[in-house]
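Asks: I'd like to ask you about the structure that follows.
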Amino acid sequence: MTFPQLIGYTVLTLLTHAVWKLVQRWASRKANALNVAGPEKEHWWKGNLESIFLDSFDRCLQVAVDYGGAVKIHALFGEEWLYVSDPRALHHILVKEPHIFEENDAFIDCNKLIFGEGLISTLGQQHRNQRKMLNPVFSTSNMRELLPIIQTISRQLKSIIVSNIPTDMAYTDSVELDVLPWLSRNALDCVCEGVLGYHSGSLDTGNENEYTEALRMLGPSITKNMIFGPFVPAFLRTFSLYWLKKIAEWLTISWLPTQTMRDFRELRRIVEVMDLASRSIFQEKKAALEIPSAIPSQSHDTSGGTRGKDIMSIMLKANASSSEADRLSDAELVGQVNVMIFAGLETTTAAVARALYMVAKHPHVQAQLRTEICDAMTAYEASNVDHSHEGGSTRLSYDALINLPFLDAVVRETLRLYPSLPVLTRRTTEAASVPLQFPVRSASGDEIDTIPVARHQRLVVSILAANHNQAVWGEDASEWKPERWLNSNEAGVQDGVRYTGVYASMMTFLAGNRSCIGFKFAEMEIKDVLATLLPNIHFALPSELDDNGNVKEIYWKMSGFHIPVVKAPAGDGETPQLPLTLRLVQE
């Protein structure tokens with residue numbers, strides 16, 4: 001078969017499959033229409049998807065306010081999806097019956113192609129086995145061992161930011177700096193050293209290599225190539241892995257936009273670089289474990305005495321000591337590492353950026369938080385004379401850092417209001433019912449507390465709407481108020497009703513067996529960055545004008561993750577950036 005014939009066969013197969021699926025869905029919709037109220041269809045084939053999910057933070061919230069915790073929305077070509085934020089419904093979907101409400105095929109298959117056999121690429125018993133082995137890896141005791149690694153990197157970040165503030169400036173003078181690239185590089189160094197035990201040196205801007213650059217570009221590249229996601233399951237069912245790779249190499253379809261194909265080829269290159277480097281680092285770590293005297297290559301060695309404390313080393317030791325039945329394959333272990341790096345990079349960067357933006361927006365909160373951190377450092381220094389000044393500045397212990405009440409409140413409130421991943425999807429593997437805590441209206445206007453769903457029904461789990469639910473969080477649910485976590489031990493609980501998320505009664509890190517396994521690592525990193533920067537640097541919103549006299553207004557664009565941009569006319573509204581005004585704090 002010639003290459004043009006192969007491409008023609010591929011296109012014909014996909015078109016036939018797509019048409020057949022559309023016919024099947026049309027027939028299924030007629031018999032299994034969702035009996036729940038929702039907004040009217042806005043477009044004959046796009047439905048409501050564009051207005052609800054395309055950079056629509058307010059719209060995602062308003063739909064839940066208008067219709068309740070379960071809403072019918074119109075997807076592509078008339079398909080109906082169930083948009084869910086009700087606490088009982090989410091507990092049922094994520095905790096009680098996750099085997100019925102599984103990840104979509106496109107999500108699983110795309111992740112498998114990009115990351116390998118990691119946690120977000122597997123289902124069923126394989127996923128349970130992986131989870132069982134990995135849960136102890138992220139224990140509190142292991143986080144205590146990892147904190148010094150994170151603290152060293154955070155202090156390097158602080159030194160770089162401070163170096164951008166001229167030393168001859170008075171304490172009342174300020175300078176503007178786009179902090180987002182530095183936060184991204186800090187997060188990359190944290191995941192590389194904390195997860196891989198690999199010294200990426202990303203904060204040293206002249207130290208980039210192909211691997212770290214690929215990791216930094218992976219998230220944006222995946223976002224650009226989301227157009228291909230729905231076709232991946234059909235490709236996987238039609239072609240072997242060998243032919244999939246061949247098609248990816250040969251793909252030059254002329255009728256696709258040139259930029260689209262360039263984006264696709266770039267993603268493929270990034271994935272290949274990431275996979276090759278991750279496997280190389282993995283093999284060195286494995287050899288070092290099997291032969292303790294083995295010395296890793298200079299390029300992959302850490303320089304801060306972190307060897308053996310990183311997640312990969314802990315994971316390899318745990319896996320080696322597991323029974324044969326529970327032991328994970330090398331491919332699965334490499335897959336876990338790829339997933340952890342991607343998840344820890346994009347989400348933590350967004351969370352730290354949002355936290356700095358919020359304290360810059362609320363200077364009284366920033367002042368109170370700075371006082372708490374400085375007081376804690378003074379007290380810790382007094383009680384730990386021999387160990388508190390490693391690296392020239394006070395380093396709080398893990399327990400002291402994690403238990404600072406106002407820092408904890410600021411981080412919790414930021415993660416609640418602005419989850420890095422606002423929505424995710426599920427599909428049903430069989431016919432089921434979704435119970436509701438708070439009744440909603442049916443399509444005919446009747447009050448209902450249970451929604452029947454057919455097999456293959458698609459659902460949207462709205463983490464964002466759940467975290468803003470006034471029935472659970474109160475009438476001020478959409479206000480950023482860190483003090484809500486100080487005034488009550490029952491924040492996020494109304495009349496005994498709460499969300500069953502793994503973190504602080506919110507859904508930011510999900511719930512159940514597909515919740516974020518590394519949330520303790522993320523929490524530790526976010527808190528340490530804030531505790532490192534705020535004692536020395538004051539942050540404020542941009543005050544300088546651009547060349548045309550326009551104020552830089554920061555806007556958070558919801559595109560998969562929350563991304564800060566500068567609105568027009570001062571900015572283009574597309575380029576990720578977080579310009580903040582900085583000055584040194586006078587002691």
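The values are calculated or read from the model by the stated rules, or taken from the named source; none is laboratory data. Treat the numbers as computed from the prediction; the structure is a model and nothing was measured. Note that we place each Cβ from the backbone using ideal geometry, even for glycine, and neighbour counts take in every protein chain shown. What goes into the accessible areas is simple: the full protein's heavy atoms, side chains included, and nothing from ligands, DNA or RNA. Shrake-Rupley method; radii C 1.70, N 1.55, O 1.52, S 1.80 Å.
Asks: Using r as the Cβ-Cβ distance of residue 279 and residue 495, and R0 as 45 Å, what FRET efficiency do you calculate, to the nearest 0.05?
Replies: 0.30
Asks: Quick one: if you stick a label point 7 Å off each Cα along the C-beta vector at residue 444 and residue 559, how many nm between them?
Replies: It works out to 4.5 nm between the two label points.
Asks: If you don't mind, another one. Quick one: which of 46/224; 224/527; 112/317; 286/527; 96/557; 361/527 span more than 22 angstrom between C-alpha atoms?
Replies: Working: 46/224 19 Å; 224/527 31 Å; 112/317 25 Å; 286/527 32 Å; 96/557 33 Å; 361/527 18 Å.
Over 22 Å apart, Cα to Cα: 224/527; 112/317; 286/527; 96/557.
Asks: Provide the gained length on full extension for the span residue 433 to residue 42, in nm with one decimal, where the gain is 0.36 nm per separating residue minus the Cα-Cα distance.
Replies: Values: separation 391, 0.36 × 391 = 140.76 nm, distance 2.74 nm.
Net length gain for the segment: 138.0 nm.
Asks: Provide the per residue accessible area, probe 1.4 Å, for segment 384-481, rounded to a whole number of square angstrom.
Replies: Values: 3980 Å² over 98 residues.
Per residue, segment 384-481 has 41 Å² of solvent-accessible surface.
Asks: Multiply the residue gap between residue 126 and residue 572 by 0.36 nm, knock off their C-alpha separation, and tell me the result in nm, one decimal place.
Replies: Numbers: separation 446, 0.36 × 446 = 160.56 nm, distance 4.49 nm.
Contour length minus Cα-Cα distance gives 156.1 nm.
Asks: Could you calculate the FRET efficiency of residue 210 with residue 50 from 1/(1 + (r/R0)^6), where r is the beta carbon distance between them and R0 is 30 Å, rounded to 0.05?
Replies: On the way: r = 37 Å, r/R0 = 1.22.
Calculated transfer efficiency: 0.25.
Asks: Any idea how far apart residue 164 and residue 272 come out in nm if each label point goes 7 Å out from Cα toward Cβ?
Replies: Rounded to a tenth, the inter-label distance reads 3.5 nm.
Asks: Pull out the extension gain between residue 65 and residue 454, defined as 0.36 nm times the separation in residues minus the alpha carbon to alpha carbon distance; nm, one decimal.
Replies: 137.5 nm
Asks: Sticking with this structure for a sec: Can you list the aspartates and glutamates whose alpha carbon is less than 16 Å from that of residue 567, not counting same-chain residues fewer than 8 positions off?
Replies: Correct list for residue 567: 55, 178, 544, 546, 547, 553.
Asks: How large is the accessible surface of residue 120 in square angstrom, using a 1.4 angstrom probe and rounding to the nearest 10?
Replies: So the heavy atoms of residue 120 present about 50 Å² to solvent.
Asks: Let's test the formula: R0 of 45 Å, r as the Cβ-Cβ distance of residue 479 and residue 290. What FRET efficiency results, to the nearest 0.05? List each step's numbers first, then the result.
Replies: On the way: r = 55 Å, r/R0 = 1.21.
The computed FRET efficiency comes out at 0.25.
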